[in-house]
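J.: Let me begin by handing over the structure; questions about it come next.
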Amino acid sequence: MSRRDQIRMTDEEIRAFLEEQRTLQVATIDHDGYPHLVAMWYVLINDEIAFWTYAKSQKAVNLRRDPRMTCMVEEGDRYEELRGVELVGTAEIVEAPDRMWEMGVNLFERYQGTYTEEMRPFVEAMLHKRVVVKLHVDRVVSWDHRKLAG
C-alpha cells in the first residue's frame, strides 16, 4: 500500500472531520489570475460545504466571473498530527431568500447557538447584503498523518 493510500481518509472520516472543524480556507481566482485566499466559517448541508459572504466581496465578484473554487480545512501542529481535506469544485451563488434562510439558520446554529424565533431579526440582519456560496465538489483530497503511527 502506498503512503498516499495509507493516509487517505474514508468518506465517513472526511464528513466527521469537516463537522468538527470550524474554519474553511477558500481560494478563488482573482481578476489578475492570482489566487485570492480567505478564511470563512462554513456549514455542511447534505454533505455539501456552504458559507455566506457579502454580495460585493472580492470572493463573490471572483466567483461570478469564474466559479472555480478550492477549499481546504486542516489541523495539526506536528507532522505526525496533520489532517486535512481539500475540496475542488464549482461554486453556486445562492440568492433565493428561502434557500439563503435555511443556510443562514444552519450557519447561525453552528457558530452562535440554538436558533429560536427571537433570533430571527439577528439572522435576517446577517443575511442582509449577503449571498450564500455552495460548493459542488469535483475532487476531494484528504490526509491523516495519524494513520502513519507505528
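J.: Identify which of Glu74, Glu124, Glu86 has the largest mean-square fluctuation in a Gaussian network model of the chain, with springs joining Cα atoms closer than 10 Å.
T.: Ranking Glu74, Glu124, Glu86 by mean-square fluctuation puts Glu124 first.
J.: Also: Each residue of the stretch 68-73 in turn: what ³J(HN,Hα) in whole Hz from Karplus with 6.51, -1.76, 1.60 and θ = phi - 60°, glycine and Pro shown as x?
T.: The phi angles translate into 5, 8, 10, 10, 9, 10 Hz.
J.: Turning to a different aspect of this structure: Just tell me which lysines come within less than 16 Å, Cα to Cα, of Lys129; anything on the same chain fewer than 8 places away is out.
T.: Reachable lysines: Lys56, Lys59.
J.: Still on this model: Leaving out ligands, DNA and RNA, what percent of the accessible area of the chain is carbon and sulfur, probe 1.4 Å? Mind showing how you got there, number by number?
T.: Details: 4410 of 8760 Å².
Of all accessible area on the chain, carbon and sulfur atoms account for 50 percent.
J.: Multiply the residue separation of Glu20 and Arg68 by 0.36 nm, subtract the distance between their alpha-carbon atoms, and state the gained length in nm to one decimal.
T.: Length difference between fully extended and current span is 14.8 nm.
J.: OK, next. Can you give the accessible area per residue of the chain, in Å², using a 1.4 Å probe?
T.: Value returned for the chain: 58 Å² of accessible area per residue.
J.: Another one. Go ahead and estimate [θ] at 222 nm for the chain from helices alone: -39,500 (n - 2.57) per DSSP H run with n ≥ 4, summed, over the residue count, rounded to 500. Intermediate values should be presented prior to the final figure.
T.: Values: 5 runs with 46 residues, N = 150.
-8500 deg cm²/dmol, from helical runs alone.
J.: Residue farthest toward the positive end of the dipole of the stretch 1-81, with Cβ of Lys/Arg at +1 and Asp/Glu at -1: which of Phe51, Met9, Pro67?
T.: Pro67
J.: Let me ask you something else. Once phi is turned into θ = phi - 60°, what whole-Hz ³J(HN,Hα) does the Karplus curve with 6.51, -1.76 and 1.60 give for every residue of the stretch 12-28, x standing for Gly and Pro?
T.: Rounded to whole hertz, the list is 5, 5, 4, 4, 4, 4, 5, 6, 8, 7, 10, 10, 10, 8, 10, 10, 10.
J.: Could I ask something else about it? Taking amide H atoms as placed 1.01 Å from N in the peptide plane, list the residues 5 or more away in sequence, or in a different chain, whose amide H sits under 5 Å from that of Asp30.
T.: Result for Asp30 returns His36.
J.: Then there is this: Could you go through the stretch 127-140 in sequence order and give the Karplus-derived ³J(HN,Hα) for each residue, using 6.51 cos²θ - 1.76 cosθ + 1.60 with θ = phi - 60°, rounded to whole Hz, and x for Gly and Pro?
T.: Those phi angles translate into 7, 4, 6, 10, 10, 9, 10, 10, 9, 9, 7, 9, 8, 10 Hz.
J.: Ok, one more. By the scheme Lys and Arg +1, Asp and Glu -1, what is the net charge of all other residues having a beta-carbon under 10 Å from that of Val132? Intermediate results must be reported in sequence, preceding the final value.
T.: On the way: positive: Arg99, Arg130, Lys134; negative: Glu92, Glu95, Glu102.
Here the charged neighbours net out to 0.
J.: Given R₀ = 30 Å, FRET efficiency for Thr10-Met40 by Cβ-Cβ distance, to 0.05?
T.: So, using R0 = 30 Å, E works out to roughly 0.75.
J.: What whole-number distance in Å separates the alpha-carbon centres of the stretch 100-140 and the stretch 44-85?
T.: 15
The values are calculated or read from the model by the stated rules, or taken from the named source; none is laboratory data. This is a predicted model, so every value here is computed, not measured. Cβ sites come from the backbone with ideal geometry, for glycine too, and all protein chains shown count toward neighbours. What goes into the accessible areas is simple: the full protein's heavy atoms, side chains included, and nothing from ligands, DNA or RNA. Shrake-Rupley method; radii C 1.70, N 1.55, O 1.52, S 1.80 Å.
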